[in-house]
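Engineer: Please read through the structure below; I'll follow up with questions.
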Amino acid sequence: MPALGLTVQETAVEHAMSTMTLNEFRRSYLNVWSTVSEQMIPQKVWLASCSAKIAPAGSLSFAVDVALDRSRGSIAVA
């Protein structure tokens, strides 16, 4: 990391390493591609929600929000 110690402090990298998953840290800080897919929603639940029977009808509105530190995010549909 050429910016380490200049514009990126070591403590910030240490914090990221202790709070991120290994794959997330390797992608974000070490520019290492990952072949592992980390899913927050189990595949079985996701596939069950893709049914046309439960799809909303009419006009939809979408909202997206992500924490500044990218620790959390949410998507809402109404």
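Engineer: Pull out a ≥ b ≥ c, the square roots of the eigenvalues of the alpha-carbon gyration tensor of the stretch 1-40, then state rounded if a/c is under 1.5, prolate if not and a/b is larger than b/c, and oblate in the remaining case.
Structural biologist: Details: a/c = 4.08, a/b = 1.83, b/c = 2.23.
Oblate, because a/c is 1.5 or more while a/b does not exceed b/c.
Engineer: Hey, got a sec? Which trypsin sites (Lys or Arg not before Pro) in the stretch 38-77 land in a DSSP loop and have at most 15 other Cβ atoms within 10 Å? Let's see the in-between values first.
Structural biologist: Values: sites: 44, 53, 70, 72; in loops: 70, 72.
Here the trypsin sites (Lys or Arg not before Pro) that fit, given the DSSP loop and packing criteria, are 70, 72.
Engineer: Go through (1) 15.2; (2) 16.0; (3) 12.7 and flag the label whose value is the computed Kirkwood radius over Cα pairs in Å for this structure.
Structural biologist: From the options (1) 15.2; (2) 16.0; (3) 12.7, the structure gives (2).
Engineer: Over the chain, give the accessible area per residue in Å² for a 1.4 Å probe, as an integer.
Structural biologist: On the way: 7250 Å² over 78 residues.
So the chain comes to 93 Å² accessible per residue, rounded to a whole number.
The values are calculated or read from the model by the stated rules, or taken from the named source; none is laboratory data. Here the structure is a predicted model, which means the values were calculated and not measured. Glycine also receives a Cβ, built like all others from the backbone with ideal geometry; neighbour counts cover every protein chain displayed. What goes into the accessible areas is simple: the full protein's heavy atoms, side chains included, and nothing from ligands, DNA or RNA. Shrake-Rupley method; radii C 1.70, N 1.55, O 1.52, S 1.80 Å.
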